[in-house]
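All remarks here apply to the structure that follows.
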Amino acid sequence: MKVYNTLTRQKDEFVPVEKGRVKIYTCGPTVYWFAHIGNFRAYVFADTLRRVFEYLGYEVRHVMNITDVGHLTTDDDLGEDKLEAGARREGRTPEEIARFYEQAFFADAQKLNILRPQIVCRATEHIPDMIELIRRIEANGFAYRTSVGLIFDTGRYPDYWRLGRLNLEEQRAGARVAVDPERRNPSDFALWITNQPRHLMQWDSPWGRGFPGWHIECSAMSIKYLGEEFDIHTGGIDHIPIHHTNERAQNFAATGREVVRYWMHNAFLQLGEARMGKSEGNIMTVTELERQGYEPLAFRYLCLTAHYRMPLNFTIEALQGAQNGLRGLRELGLNARTWQEAAGDTEWLERAQREFRNAIEDDLNLPQAMAVVWSLVREGNRRQDRRAWKLLLDFDRVLGLRLGETVEGEQDIPAEVRALAEEREQARRARDWGRADRLRAEILSRGFVIEDTKEGWRLKRA
Ligand code: AMP
Ligand code: ZN
């Protein structure tokens, strides 16, 4: 397996810290608003990475944080906490905001068949771990006080620039908007903030009452759950110059080591010329995709058609193409229901398997893997051989397109029954049990039973 490592700027051979195991940390959502499909490109990438390792026989431990404090609206440690801004906007508490959007995030993630990381950890529930790590950083001489709070001294870490390939100019321009005269270096950043007395979420600490800077949560939680040396850290490329550069500096300051072996970053989902982003004002959500009649899984398919390190342009035409592609893959399964598993000539199947594996082992080359998938589909249709479908289902452990479920069940289910099932799901989520039960009865009267599984609802003929 080869992976492109942002730290070395090349494809490196993947060597796990522990044989047969992979430890992955993914920067999770800041839960102050709905995640957009640009964000979900990052989580589909991390999920596909996890699936690839599992497919290759590794045992994966995947950790993702939930940012529910400390992520400010600007990078100068002086902005407003996004959670608190969200709370003000909606007249609710930061906690209510955090829980609501966290739930919305996982509901969308499930629709995209993103497997839930084994460990999901909230920043607000790890304040003591952060304080402990900051203590170590301070004890090793990497911190000083200003009127903002406790500040990390990036000047003490000569390798600070490496992950982002930052030169001094970029460190000035990128990291700090207005140069704060109290800071020793323009790239220095807050570990613990004490100068925002109106901030609702505050904790006592050795540096006074306050709240953590954003970067420390990821250092503290990744080390807590994965140890002082782990394999892979993922995130979008926007995190390279500041968030991950600062995380790496904190890791080194606390432990004296290079904690993360491979840093992997996905390129942006773009809409028009610009990155999709809340501040760019050009966002699209999973719910909006559905409203326009597309399946969330069509978006997942779209993600698989571009290499994760290449920008991906989002257009409705591209999404429609992905939706058609998804149907084309399912069609093989529908066709295959009347086919036999032919005997003999396994060469073409073995070749497909080998090529698929080579593609995913080459830094997750999913577009290449999809080309293999399509030549398998064509060949399977030509030969009318059910083995092609079986192999495609095996590949789907990586693709995550739920090909098995959709073909074996839902294709025969009328659209209005599926719509009732969706409605019932919404009722359940709103805890409207009466309505959910009525919808279940309605579905039954049309000849279908609905079952709730870990992956969501499933319909069967009664
Ligand atoms: P945030 O909630 O802002 O911390 O972002 C969550 C994740 O989405 C991070 O890994 C970002 O790098 C990533 N991200 C944000 N916008 C995009 C985009 N347009 N395309 C791909 N990834 C993105
Ligand atoms: Zn992070």
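Listed values, structure above:
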item	result
Qualifying residue in the range 213-220 (condition: more than 16 Å from ligand 1 (Cβ to nearest atom) and of a type in the set (D, E, K, R))	no
Positions within the range 40-61 being more than 12 Å from ligand 1 (Cβ to nearest atom) and either crowded, with 23+ Cβ neighbours inside 10 Å or in a helix (DSSP H, G or I) (or both), in sequence order	D47, T48, L49, R50, R51, V52, F53, E54, Y55
Test result for H71, in the same structural domain as P186 (by TED's automatic domain parsing) and over 30 Å from D394 (Cβ atoms)	yes
Of all residues making up the range 210-238, the number that are surrounded by 23 or more Cβ atoms within 10 Å (Cβ to Cβ) and either basic (K, R) or within 13 Å of A123 (Cα to Cα) (or both)	12
The one condition in (1) part of a helix (DSSP H, G or I); (2) within 14 Å of ligand 1 (Cβ to nearest atom) that A87 fails to fulfil	(2)
Leading residue by the ranking (farthest from Y101 (Cα to Cα)) among those in the range 62-71 that are outside any loop (DSSP other than H, G, I, E, B) and touching a helix residue (DSSP H, G or I) at 6+ places or on another chain (Cβ under 7 Å)	H62
Of all residues in the range 357-368 being under 13 Å from L56 (Cβ atoms) and out of contact with any strand residue (DSSP E or B) (no Cβ under 9 Å at 6 or more places or on another chain), the one that is surrounded by the fewest Cβ atoms within 10 Å (Cβ to Cβ)	N358
Selection count, the range 242-279, where residues are in a helix (DSSP H, G or I), within 12 Å of ligand 1 (Cβ to nearest atom) and more than 21 Å from D12 (Cα to Cα)	2
Residue in the range 428-440 that is modelled with pLDDT under 85, surrounded by fewer than 17 Cβ atoms within 10 Å (Cβ to Cβ) and in a helix (DSSP H, G or I) present	yes
The range 329-356, residues that are surrounded by 15 or more Cβ atoms within 10 Å (Cβ to Cβ) and without any contact (Cβ under 8 Å) to a residue 60 or more places away in the chain	N335, A336, W339, W348, L349, A352, Q353, E355, F356
Residue ID - surrounded by the fewest Cβ atoms within 10 Å (Cβ to Cβ), chosen from residues in the range 264-274 that are touching a Lys or Arg at 6+ places or on another chain (Cβ under 8 Å) and either of a type in the set (G, A, S) or closer than 17 Å to R165 by Cβ (or both)	A267
The range 186-210 - residue that is within 16 Å of ligand 2 (Cβ to nearest atom) and in contact (Cβ under 8 Å) with a residue 60 or more places away in the chain and, of those, nearest to W263 (Cα to Cα)	F189
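The values are calculated or read from the model by the stated rules, or taken from the named source; none is laboratory data. Remember, predicted model here, so these are calculated numbers, not experimental data. Virtual Cβ from ideal backbone geometry, glycine too; neighbours counted across all protein chains shown.
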